[in-house]
Amino acid sequence: MVRLGSNLDFLNGYKSLAFSPDGTRLATVDGHECRIDVVHTSTLIRLALTRLTRNLSPEEWNSYLPEIQYRILRSDLSSAAE
């Protein structure tokens, strides 16, 4: 599993989560149980896009996604630099 973080109390009580190396499963731990769920990447992407409040600046993009060429994800939102 690829560890994403710990102490994620703001996510409905989850303490930790991780994706499987192939990205098809998500493991979550809430302090009492561990769950492994199937991940539908296209659904997660659509959901993430609806929750954006602004686009990343080129600097932010490079910090988080250095292997991927910068692009505006939603043309109806401003970027951090504006």
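The values are calculated or read from the model by the stated rules, or taken from the named source; none is laboratory data. In this text the structure is predicted, and so the values were computed from the model without any measurement. Cβ coordinates were reconstructed from backbone atoms using ideal geometry, including for glycine residues, and neighbour counts include every protein chain displayed.
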With the requirement that a residue be of a type in the set (D, E, K, R) and surrounded by 11 or more Cβ atoms within 10 Å (Cβ to Cβ), what does region 24-36 give you?
Arg25, Asp30, Arg35
Just to be sure, is Leu8 part of a strand (DSSP E or B) and at pLDDT below 80?
no
On the given criteria, is Thr50 within 14 Å of the chain's Cα centre (by Cα), over 19 Å from Leu17 (Cβ atoms) and loosely packed, with under 12 Cβ neighbours inside 10 Å?
yes
Within the set of pairs 6+ apart or on separate chains, which have a first residue in region 57-79 that is in a loop (DSSP other than H, G, I, E, B), a second that is at pLDDT below 90 and surrounded by 13 or more Cβ atoms within 10 Å (Cβ to Cβ), and C-beta atoms under 6 Å apart?
Ser57/Ser79
Residue check: is Leu77 surrounded by 12 or more Cβ atoms within 10 Å (Cβ to Cβ), modelled with pLDDT under 85 and of a type in the set (A, V, I, L, M, F, W, C)?
no
Which numbered condition in (1) at positive phi; (2) surrounded by 11 or more Cβ atoms within 10 Å (Cβ to Cβ) is the only one that Val39 fails?
(1)
